Each structure stands twice: as structure tokens, then as C-alpha cells.
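S.K.: Questions regarding the structure given below will be posed in turn.
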Amino acid sequence: MNADIAQRLQDMAEQRLISSREGDTLFEAGKFDSAKKLYWEQAIKIVGSNHRIPAIADVGDGGERIELYIKLGPYQRANLMGCCTGLARCLVREGDIDSALAWLDEAGSLYKNSYFASEKPLYDWIDYNLDLPELTYQRLRACSISSDIFLSLGNTGAAMQRLWNANSSTLGLPPAHHTPRIRTKKDREKIATLITLRHPDPSLTSSLTLKDPSLQVRGSWLKLHIKNQLRTLSRFSFATFIWNSHLYIAGGQKDSLGPFYRDFLCLDLVKLDGWRALPDYPRLAAVFLNWDMVVHEDKAYLVTGKPRVDFFDLKTEKWGFITTTYKATPEDKKAGVVGGWPYPGQQLSSSAQQVTKGKLLIFGGIHGMTNIGCNLFMELDLKTKVWRRLSGYVMPPPDGDYSCPGPRKSASSWVSRDANRFYLLYGQCDRNGASLKGEPHGASDAFPFEDMWSWDLTTEKWRRERRAGNPPSCRSEMACTYNSKLDKVFVFGGYSPSIPTSFPTKNQEFHFSYYADTFMFSPPDPASPTAMVPSTGPSQKNVKAPKWKQVLTRGFPTYRCQARLMSDSITGKMYLYGGYTNSDYVPSRKSYISRSFGDVWQLRVDEPGGYFEGINLDEEARTAKVGPWQRCFNCGDSGPWKKCGGACKGQAFFCGSECLKDGWKEHKKMHKCHK
Ligand SMILES: [Zn+2]
Ligand SMILES: [Zn+2]
């Protein structure tokens, strides 16, 4: 048989197996209703009428993991992905982007589930693709369409990341995966544009409008003016918490070379009348970096990896300690515990910590033997003072483990309202730090996770969650808080070690990104779980599901990582403090040298109890500080502009004398200014 005929036979066989292509033909011919009907029917034919597609986040045992999807053959998988992306295209045309995203998530989930069918469990950073060009095509198409949707919503970070990851992770595939149909010119052009954006991009924020309330919410960042602000406040890697409407900060550093702080300060959030010094941490630690202080019953606990756990009594304002114990079980020893203690070198930092039901839960972080991060999940019962290993390994084993989150540091975490679930979001495996300690899993770049997990305290099992809606792009070192008054989770900023940014006009290229975007997550309501009943049609509009929204803010604190976001459980107010940025990445005025921040911001959101009333959005759109820049009151351009020197005391900025002249009359009226 000659090669030509073989190819034609294969094409014909594929055509029969990939029935979603008939839908594509109908769609291209403008027969949208017929296309939609075909995609839907074919999808149901594959999954069966009793299976819910698209799946709902946070429901059932599996989360992201769906047994049916693991078992699918490669052609069936590609075909079902084709139906999902086809339906998404139809729904985008109808303006139902909420439903479209649900179908695109399903296509992503179908791809992810092929990992779970691999012979050996794989770590998330391993690119796993079957050598079937149709699968690559469907994966890239789903990413390209979701990238377009995220861009239209102003979520430029996710728009860039989806397209970038899907393209770069499939580059190593054989030539059949590199046809013009799979690698489109349009996608290449899109990446060329997206790579030049900051997230958010100042050129877009003032014109951003709320397009879809199911995927976006309005918000506002307010910089707080604190009396007697200290000079030494700019820092990162510090510990912080809010207790009794007071913000506490301890330790940290100003720069990578220092100075390193050991102080302990407190700010009254009601009076905002300056920082008060508290007794320094009494131990002779070399540095106070990347530790956490977690409050339980008026004591702030500080775990440093030693059996002795220090605490600060918030009522007496005195330091004390408890002595904890641990006994390694045979299972613990199998997981790498040696010498009767889980943390090698008795060190622990950059972990994710929460306290719930009287237990301190600690996930991952770095210790004496690892720089890249581990996935050890430990519990300290604060009453009995006894440690227990819940899951994970002291050191990342050669193969992955699908039953628990991968090894990492600097992840975000929170606990659900019913106190029964510990959530874990993103973080990074610092693979480029491996060589320093001669560890396995090294690479030239760190790996930012794009996953969300929850640990059920009752069943003691992890679930890999789906991230529905309009979520933040993969990142690490972001600020995150659970606001119990609003029952919402908020995420701000952070850093991605593998998503590049390029500023051609400045001739600058970075292989990383810093973020200043804000997101909100509505957790599932444990009281009303959604039934896993099959969908009645492609639209997912009225389906109640836990979802991410982007918080659209006109102004925002400068792009940064390692800032901390905290909620005051008494008032429900949210505060952001500290962090740092690469000063090349955030160019600004000459006087701007410091890389770390000491500013305090309040986040207000358009939710009941979100302190959004009374904000003049029109005024804010024209005067709010956009990251390191000011917005010109008259023309709206952002840059290092000069503030008005009149009686308004600088409530407005102008890019030059032309704009000052043009906008003067309006500014005079709006801000009661005069010369
Ligand atoms: Zn101007
Ligand atoms: Zn003025």
C-alpha cells in the first residue's frame, strides 16, 4: 500500500471517530443551531445520559478526577474535547460566556484526566501528551478560545498563561503536531500581544466595565494614611495576622541582602494612629523569615520546625512556649521520617498554615533537606500538643502521587466556613533551587502550580478541585485571605516564575511576571449541595457552583509578590500590607529605589458588607493610582505624572501643561481646587 493511500485511509477512519468535526463543518457553514445540537448529542452519546457534563466543581468525591474520563480512549477523548470546545464556540456566539467557560474547563479536565491514566503517577510539571495530533489540536483550540474570553473580561494574566502553557508544553511533540491547523498564525500573533501586557495593564483598567456579574465583581483599593508611619516598614518574608482589629507584623527583610528584622509591631486598625512596638521574638534565631503566626484562643503560635513551639499571648503581651511531641508511625517512616522528627534540621518555612477545630494544619514548605518544597501535611493538636502526619512525604519521591498535592512552597490556604475543609491554592516547586542542596527534580525554572485542593477533615482525604469561572492564572507568593463575614476568598498579586513578559519599547524581556490583579472565590455552600443530576442542555447559566470572579479595580497597589492580605473578622474589612517587586519590572520615577513595600491598603468589594457604598467610581477611574503610576485626570494616560499644586493638595495628576489647561475647569469643580 503506498503512503498516500494509507494516509487517506487513516484520515477517513479519523473522520468517523471524530464526529465533532461534522459540528465544525456545520458551524463554519453558519448553521449554528444544528452545530450546537450535534455537539451536544455526540457528547451525551460518549458519556451516557446518566453522567453530568460539564461536571460541577466541589461536588462528589473526584473533583477534577473523573473515572469515566480516565478510561476514555485517545480518539474518544479528542472527540469529546471537540464537542466541548464546539459548544463553547456556539455559546460565545450567543453571548453566554459563563457557560462557554464551563465547557472549556471540561475540555481542560478531559486533557488533565489523561494524566491519571499514565503508567506511573506524574508530577504536574511533566508535559504529558499522547502522540495524537487531534488531541493537541483540541487542547490548543480550547486554550485559545478561553484565552480570548479571559482577555475580553480583562483577566489578562489567565489569557496569557493558558495560551502560553498550552503552546510551550507541546513544542517538543513530533512534526505531525506542528501543522498550520494546530499551530495557527492567529495564536502566534495573540501571544506576541499578550506577552507585552502587565496584569492588570494600566492601559485597560480605566476602561474596564463589568461585562458579566457571574464572572466579575467591582472593587476598589484604598491606600490608608497612617499617622507616624515608620521608616523600617517596607519588608517582605514577614509574619502577620489580625487580632481584635489590630494588625500585627513580625520579622521579615527589606531586601535580599538585608537588613533583616526581628521586631514585632502592632497597628490599631480603627484608629490608624501609628505602629506600636511589642517585645521582640526572644529566641536567638539567625533570621525571622518566611514564618507564620497563627492565632488560636488569643495566642499567636509560631512554628519554626522545632518541637518547642513559641507563642505570643495577645492579652498579656508576653512570649511563651509549648513543648510538642511526635511519634513516627511505620507509615510515617515509609514517607521519609527519620530520627523521630518530621522536619529535617528542625527547620520549616514558606509553608501554608491554618488553624481549625483546635488543630494547626501545616502544608508543605521548605526544611533542612529541601529547597524546592515538600508536600508533607502535618497536624498539631494545640490541646494535647501532639503532632500527627496526615499525608505526603518529607522529600518528594521519584514518582508523583495523585492522592495528594505536589511538593511546593508559598502556597495559599484557607479553611471553609464549616471548619471542615482545608483548601490549598497554587504555590511553586522551586526546581531551580534543587542544585543548592543536591536534590532531585531540579530544572532551570521554578514551576508554578495551577491547582486547587481541599482536605476533608472528616474523611481525611484530598480532593483535587476544579477551578470554575474566571480564576487567577498560575502563581506563587500571592496574598490571600478568607473573609468569614463575606464567606469569600480573596487573592491579590503574586509572581509567576515561568510566564514571560516583554516590553519591546524599553527593550526589556523577563522570563517571569509580577501581578497586581485581584480575584474572589465563592466557596460551595455546605448546606445546599448541588445535585449531580445530568444537564438538560448546553447552557449552564442557572447552575449554582463555587466559582472564581475577577475583582475589577480602577487603581491597584503596585505589581508585587509576598504581600499579605488579611481580614478583620470583627468588621469584615480587608487589609493588604508589604511585599516586594523587581524594580526593573516596575519602572518608575528616579526616586523609586526600594524593592519592598510598607504600605497598607484596604480592599473594598461590591458585595453586601464589602464597604463599597459611597465610592465615586467615575472619579476613581480618573484619579486612582495604577500600580506605580498615576493617571492623568484629563487624558487618562498613565505614567509618572506630577500632581496638581493647587488647593486640592494633589487629588488629581496631569501628564503635562496641556492637559492641566484642558482639565482645569472640571478638576476645579470636582475637587474644589483653586490656584
Ligand atoms: Zn494628559
Ligand atoms: Zn488641584
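S.K.: Name the single residue, out of those in the stretch 245-267 being of a type in the set (S, T, N, Q) and over 24 Å from Asp568 (Cβ atoms), that is least open to solvent (accessible area, probe 1.4 Å).
M.R.: The selected residue is Gln253.
S.K.: Can you find even one residue in the stretch 276-284 that is assigned by TED's automatic domain parsing to the domain that holds Ile242 and either at positive phi or under 26 Å from the mean Cα position of the chain (by Cα) (or both)?
M.R.: Within the stretch 276-284, not a single residue is assigned by TED's automatic domain parsing to the domain that holds Ile242 and either at positive phi or under 26 Å from the mean Cα position of the chain (by Cα) (or both).
S.K.: Select the strands (runs of 3 or more DSSP E) contained entirely in the stretch 392-489, then report the ones holding at least 1 residues which are among the polar types (S, T, N, Q), in the same structural domain as Lys573 (by TED's automatic domain parsing) and at pLDDT 95 or above.
M.R.: On the way: elements: 412-415, 421-425, 452-456, 461-465, 479-483.
Counting at least 1 such residues, we get 412-415, 452-456, 479-483.
S.K.: Can you confirm whether the stretch 46-61 contains a residue that is surrounded by fewer than 24 Cβ atoms within 10 Å (Cβ to Cβ), part of a helix (DSSP H, G or I) and assigned by TED's automatic domain parsing to the domain that holds Asn165?
M.R.: Checked the stretch 46-61: at least one residue is surrounded by fewer than 24 Cβ atoms within 10 Å (Cβ to Cβ), part of a helix (DSSP H, G or I) and assigned by TED's automatic domain parsing to the domain that holds Asn165.
S.K.: Still on this structure, I have one more. Criterion first (in contact with a Leu (Cβ under 9 Å, 6 or more places away or on another chain), modelled with pLDDT of 90 or more and either in a strand (DSSP E or B) or among the hydroxyl-bearing types (Ser, Thr, Tyr) (or both)) does Thr518 satisfy it?
M.R.: The answer is yes for Thr518.
S.K.: Out of the residues in the stretch 640-657 that are of a type in the set (D, E, K, R) and touching a strand residue (DSSP E or B) at 6+ places or on another chain (Cβ under 8 Å), which is nearest to ligand 2 (Cβ to nearest atom)?
M.R.: Of everything passing the filter in the stretch 640-657, Lys643 is nearest to ligand 2 (Cβ to nearest atom).
S.K.: For Ile242, which of the numbered conditions (1) surrounded by 21 or more Cβ atoms within 10 Å (Cβ to Cβ); (2) in the same structural domain as Ala563 (by TED's automatic domain parsing); (3) under 30 Å from Thr501 (Cβ atoms) fails to hold?
M.R.: Only one criterion in (1) surrounded by 21 or more Cβ atoms within 10 Å (Cβ to Cβ); (2) in the same structural domain as Ala563 (by TED's automatic domain parsing); (3) under 30 Å from Thr501 (Cβ atoms) is unmet by Ile242, namely (3).
S.K.: Test Arg431 against the criterion of being of a type in the set (D, E, K, R), in contact with a Lys or Arg (Cβ under 8 Å, 6 or more places away or on another chain) and in contact (Cβ under 8 Å) with a residue 12 or more places away in the chain, and give yes or no.
M.R.: Taking the combined requirement at face value, the residue does not satisfy it.
S.K.: State all residues of the stretch 368-392 that are over 18 Å from Arg421 (Cβ atoms) and under 24 Å from the mean Cα position of the chain (by Cα); if no residue qualifies, say none.
M.R.: Of everything in the stretch 368-392, those that are over 18 Å from Arg421 (Cβ atoms) and under 24 Å from the mean Cα position of the chain (by Cα) turn out to be Thr370, Asn371, Ile372, Gly373, Cys374, Leu376.
S.K.: Sticking with this structure for a sec: What's the number of the only condition in (1) touching a residue at least 60 places away in the same chain (Cβ under 8 Å); (2) touching a strand residue (DSSP E or B) at 6+ places or on another chain (Cβ under 8 Å); (3) on the phi > 0 side of the Ramachandran plot that Asn244 fails to meet?
M.R.: Unmet for Asn244, out of (1) touching a residue at least 60 places away in the same chain (Cβ under 8 Å); (2) touching a strand residue (DSSP E or B) at 6+ places or on another chain (Cβ under 8 Å); (3) on the phi > 0 side of the Ramachandran plot: (2).
S.K.: Which one is nearest to ligand 2 (Cβ to nearest atom), of the residues in the stretch 613-624 that are of a type outside the set (D, E, K, R) and open to solvent by 30 Å² or more (accessible area, probe 1.4 Å)?
M.R.: Restricting attention to the stretch 613-624, the residues satisfying the condition of being of a type outside the set (D, E, K, R) are 614-617, 621, 623-624.
The next check asks that each one be open to solvent by 30 Å² or more (accessible area, probe 1.4 Å); those that pass are 614-617.
Values: Gly614: 22, Ile615: 20, Asn616: 16, Leu617: 20 Å.
By that ranking, first place goes to Asn616.
S.K.: Within the stretch 22-39, count every residue that is open to solvent by less than 40 Å² (accessible area, probe 1.4 Å) and touching a residue at least 60 places away in the same chain (Cβ under 8 Å).
M.R.: 4
S.K.: Do we have Ser416 as hydroxyl-bearing (Ser, Thr, Tyr), buried (at least 17 other Cβ atoms within 10 Å of the Cβ) and on the phi < 0 side of the Ramachandran plot here?
M.R.: yes
S.K.: Would you please list the contacts, defined by Cβ atoms under 6 Å and residues six or more apart or on different chains, that run from a residue in the stretch 367-387 that is within 20 Å of Cys404 (Cβ to Cβ) to a residue that is of a type in the set (Lys, Arg) and modelled with pLDDT of 95 or more?
M.R.: Gly373/Arg408; Gly373/Lys409; Met378/Arg389; Glu379/Lys359; Glu379/Arg388
S.K.: How many residues are surrounded by fewer than 24 Cβ atoms within 10 Å (Cβ to Cβ) and closer than 23 Å to Gln216 by Cα when one looks only at the stretch 71-89?
M.R.: Number satisfying all stated conditions: 1.
So that you can scan it fast, the table gives a plain yes or no per residue for (1) open to solvent by 50 Å² or more (accessible area, probe 1.4 Å); (2) touching a helix residue (DSSP H, G or I) at 6+ places or on another chain (Cβ under 8 Å); (3) β-branched (Val, Ile, Thr); (4) closer than 15 Å to Pro282 by Cβ:
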| site | (1), (2), (3), (4) |
| --- | --- |
| Val303 | no, no, yes, no |
| Arg308 | yes, no, no, yes |
| Gly320 | no, no, no, yes |
| Asp332 | no, no, no, no |
| Gln347 | yes, no, no, no |
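S.K.: Another question about this same structure. Please list, ordered by first then second residue, the pairs with beta carbon atoms under 7 Å, 6 or more apart or interchain, first in the stretch 632-650 and in a loop (DSSP other than H, G, I, E, B), second open to solvent by less than 30 Å² (accessible area, probe 1.4 Å) and near ligand 1 (Cβ under 7 Å from one of its atoms).
M.R.: Phe633/Phe654; Asn634/Phe654; Asn634/Cys659; Cys635/Cys659; Trp641/Cys632; Trp641/Phe654; Cys644/Phe654
S.K.: Something else now. Just the residues that are closer than 21 Å to Pro202 by Cβ, open to solvent by 30 Å² or more (accessible area, probe 1.4 Å) and away from ligand 1 (no atom under 14 Å from the Cβ), please, taken from the stretch 625-675.
M.R.: Lys625, Gln651
S.K.: I've got another one for you. Tell me, please, whether a residue that is hydrophobic (A, V, I, L, M, F, W, C) and farther than 25 Å from Thr581 by Cα can be found in the stretch 182-205.
M.R.: In the first step, residues of the stretch 182-205 are kept if they are hydrophobic (A, V, I, L, M, F, W, C); the result is 182, 191-192, 194-195, 197, 204.
Now restrict to residues that are farther than 25 Å from Thr581 by Cα: 182.
The answer is yes; a qualifying residue exists.
S.K.: Applying the selection to the stretch 194-223, what residues are assigned to a loop (DSSP other than H, G, I, E, B) and among the β-branched types (Val, Ile, Thr)?
M.R.: Residues satisfying the conditions are Ile195, Thr196, Thr209.
S.K.: For the stretch 635-657, name all the residues that are at pLDDT below 85 and of a type in the set (D, E, K, R).
M.R.: Asp637
S.K.: Looking only at residues in the stretch 126-149 that are over 26 Å from Gln7 (Cβ atoms) and open to solvent by 30 Å² or more (accessible area, probe 1.4 Å), which one is farthest from the chain's Cα centre (by Cα)?
M.R.: Tyr128
S.K.: Could you please give the count of residues in the stretch 497-510 that are assigned to a strand (DSSP E or B), in contact (Cβ under 8 Å) with a residue 12 or more places away in the chain and out of contact with any His (no Cβ under 9 Å at 6 or more places or on another chain)? Write out each step before concluding.
M.R.: So the first thing to find is which residues in the stretch 497-510 are assigned to a strand (DSSP E or B), and the list is 501-503, 508-510.
Next cut, in contact (Cβ under 8 Å) with a residue 12 or more places away in the chain only: 501-503, 508, 510.
Now drop any that are not out of contact with any His (no Cβ under 9 Å at 6 or more places or on another chain), which leaves 502-503, 508, 510.
Residues flagged as assigned to a strand (DSSP E or B), in contact (Cβ under 8 Å) with a residue 12 or more places away in the chain and out of contact with any His (no Cβ under 9 Å at 6 or more places or on another chain) within the stretch 497-510 amount to 4.
S.K.: Does Ser214 satisfy being touching an Asp or Glu at 6+ places or on another chain (Cβ under 7 Å) and not aliphatic (A, V, I, L, M)?
M.R.: yes
The values are calculated or read from the model by the stated rules, or taken from the named source; none is laboratory data. None of the values given here were measured: they were computed from a predicted structure. FYI the Cβ positions are ideal-geometry reconstructions off the backbone, even for glycines, and counts take in every protein chain you see. SASA here: full protein model, heavy atoms, side chains in, ligands and nucleic acids out. Shrake-Rupley method; radii C 1.70, N 1.55, O 1.52, S 1.80 Å.
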